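The values are calculated or read from the model by the stated rules, or taken from the named source; none is laboratory data. All of these numbers come straight from a predicted model, not from anything done at the bench. Here the Cβ positions follow ideal geometry from the backbone for every residue, glycine too, while neighbour counts run over all protein chains shown.
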Amino acid sequence: MRGEDPTRGGPPAALDVPRGWQTDRSRAPHATKIVVAGGFGVGKTTFVGSVSEITPLRTEAVMTVAGEAVDDRTATPDKTTTTVAMDFGRITLDTDLVLYLFGTPGQKRFWFMWDDLVRGAIGAVVMADTRRLADCFPALDYFDSAGLPYIVAVNQFEGTARHDPEEVREALALPHQVPLVQMDARQRVAVVDTLLILVGRALDTTPG
Amino acid sequence: MSQAVLCRKPARVRPYSLTGGRQRRCRVLLVETFVAALDTPGDGPPGPPPDGSGPLPPRSVPEVRAVPEARAIVELCFRLRSVAEIAALLKMPLGVVRVLLLELADQGRIRVFDTGHGTGRPDRALLERVLGGLHRL
Ligand SMILES: Nc1nc2c(ncn2[C@@H]2O[C@H](COP(=O)(O)OP(=O)(O)O)[C@@H](O)[C@H]2O)c(=O)[nH]1
Ligand SMILES: [Mg+2]
């Protein structure tokens with residue numbers, strides 16, 4: 001999966017050169033993370049790849065399926081265990097500050113992973129595709145109950161109807177203070193703007 | 001998947017003077033937690049001599065269970081790495097990597113760094129820094 005996807009906006013794998021902070025083993029930069037959640041195919045990996053300084057990497061967690069229907073491509077049917085893949089990228093924001101972006105599938109049966117993943121996180125970007133809005137309901141429910149700051153990013157696939165943001169808000173029952181942005185996950189500038197809005201939202205919800 | 005916070009509780013309480021006060025160490029292994037090798041390259045369980053001849057170097061008592069995966073982790077960690085990076089680069093499940101890292105940390109072969117804000121929500125000062133960093137991109 002190394003950089004073959006031409007739709008990715010990130011730098012090629014050849015630029016995966018070590019940063020200064022990686023060679024000093026006596027100290028570590030501040031490590032922060034943002035979670036990118038949403039249904040399959042909504043554009044999470046694309047989003048991460050558009051801003052990451054490394055080619056997105058994939059980690060896997062093994063989970064046990066308790067007789068549940070398996071409905072995604074990464075799962076192996078007829079097994080009691082399945083693997084959940086998370087793609088992640090990295091941005092060095094300063095010599096002593098690094099941001100990780102973790103793209104993770106949004107189904108309810110993956111919540112076991114999220115308790116772990118959201119610990120210490122800045123917040124979450126919930127990606128939505130207006131053709132399959134319901135795919136992001138579980139993520140919204142989770143972040144609501146976890147009290148994690150989040151925003152909704154509508155990934156606008158071309159050829160799909162542009163919806164009035166207010167209609168989308170209503171369909172998602174989104175509280176008015178939660179930002180909703182329409183963006184293109186393939187464009188680095190749009191992804192950076194989305195991250196800025198999320199961090200701004202996190203600031204708004206953090207007491208001074 | 002294993003828990004992010006792995007706490008080692010000693011079987012019995014060791015006298016303070018022997019442990020330097022570290023009666024209980026609690027290491028937090030979030031996906032973004034940085035770790036680094038404490039060994040220098042070349043340390044660790046000796047492999048076969050490079051040319052197949054000559055005596056083996058004097059072998060210190062191997063405190064490490066020399067599982068290949070643990071050695072692979074230490075080698076990766078000659079550069080600062082996050083837990084997630086190790087799992088991805090070695091194609092190992094996160095839970096397995098966490099267990100091995102905890103073991104290596106106990107053996108004094110790797111160092112686990114704090115994220116800078118523990119496991120809590122980042123404070124305003126940190127969020128402002130992240131905002132500034134993103135603006136400069
Ligand atoms: N046209 C278009 N395609 C996109 C966009 N974002 C992602 N894709 C494509 O949609 C597919 C799924 O995206 P991916 O990032 O893998 O989704 P994930 O399953 O959420 O990680 C890929 O083929 C992407 O190239 C977009 O904004 N516009
Ligand atoms: Mg993906």
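Filter the range A:130-171 for residues that are within 16 Å of ligand 2 (Cβ to nearest atom) and crowded, with 19+ Cβ neighbours inside 10 Å and give the result. Explain how you work it out, then say what you get.
To start, the set of residues in the range A:130-171 that are within 16 Å of ligand 2 (Cβ to nearest atom) comprises A:132, A:135-136, A:139, A:153, A:155, A:157.
A:135, A:136, A:139, A:153, A:155 - these are the residues of the range A:130-171 that are within 16 Å of ligand 2 (Cβ to nearest atom) and crowded, with 19+ Cβ neighbours inside 10 Å.
Would you confirm whether or not the range A:82-102 contains a residue that is of a type in the set (Lys, Arg), in contact (Cβ under 8 Å) with a residue 12 or more places away in the chain and over 30 Å from residue A:21 (Cα atoms)?
Scanning the range A:82-102, I find no residue that is of a type in the set (Lys, Arg), in contact (Cβ under 8 Å) with a residue 12 or more places away in the chain and over 30 Å from residue A:21 (Cα atoms), so the answer is no.
Any residue at all in the range A:75-90 that's within 30 Å of residue A:30 (Cα to Cα), modelled with pLDDT under 85 and within 16 Å of ligand 1 (Cβ to nearest atom)? Talk me through it step by step, then tell me what you get.
Applying the first criterion (within 30 Å of residue A:30 (Cα to Cα)) to the range A:75-90 yields A:83-90.
Next, from what is left, pick out any that are modelled with pLDDT under 85: A:83-84.
Checking which are within 16 Å of ligand 1 (Cβ to nearest atom) leaves us with A:83-84.
There is at least one residue in the range A:75-90 that is within 30 Å of residue A:30 (Cα to Cα), modelled with pLDDT under 85 and within 16 Å of ligand 1 (Cβ to nearest atom).
Which pairs have Cβ atoms under 6 Å, sit 6 or more apart or on different chains, and link a residue in the range A:28-56 that is in contact (Cβ under 8 Å) with a residue 24 or more places away in the chain and in a strand (DSSP E or B) to one that is charged (D, E, K, R) and within 13 Å of ligand 2 (Cβ to nearest atom)?
A:36/A:44; A:38/A:44
Does residue B:137 satisfy the condition of being over 13 Å from the mean Cα position of the chain (by Cα), part of a loop (DSSP other than H, G, I, E, B) and at the interface with chain A (Cβ under 7 Å from one of its Cβ atoms)? Explain how you work it out, then say what you get.
Working: over 13 Å from the mean Cα position of the chain (by Cα): yes; part of a loop (DSSP other than H, G, I, E, B): yes; at the interface with chain A (Cβ under 7 Å from one of its Cβ atoms): yes.
For residue B:137, the condition - over 13 Å from the mean Cα position of the chain (by Cα), part of a loop (DSSP other than H, G, I, E, B) and at the interface with chain A (Cβ under 7 Å from one of its Cβ atoms) - is met.
Identify, by number, the condition in (1) at pLDDT below 90; (2) small (Gly, Ala, Ser); (3) under 21 Å from the mean Cα position of the chain (by Cα) that residue B:53 doesn't meet.
Here residue B:53 meets the rest and fails (3).
Residues B:84, B:105: which one is assigned to a helix (DSSP H, G or I), in contact with a helix residue (DSSP H, G or I) (Cβ under 8 Å, 6 or more places away or on another chain), of a type in the set (A, V, I, L, M, F, W, C) and in contact (Cβ under 8 Å) with a residue 12 or more places away in the chain?
Details: B:105 fails: in contact with a helix residue (DSSP H, G or I) (Cβ under 8 Å, 6 or more places away or on another chain).
Of the residues listed, the single one that is assigned to a helix (DSSP H, G or I), in contact with a helix residue (DSSP H, G or I) (Cβ under 8 Å, 6 or more places away or on another chain), of a type in the set (A, V, I, L, M, F, W, C) and in contact (Cβ under 8 Å) with a residue 12 or more places away in the chain is B:84.
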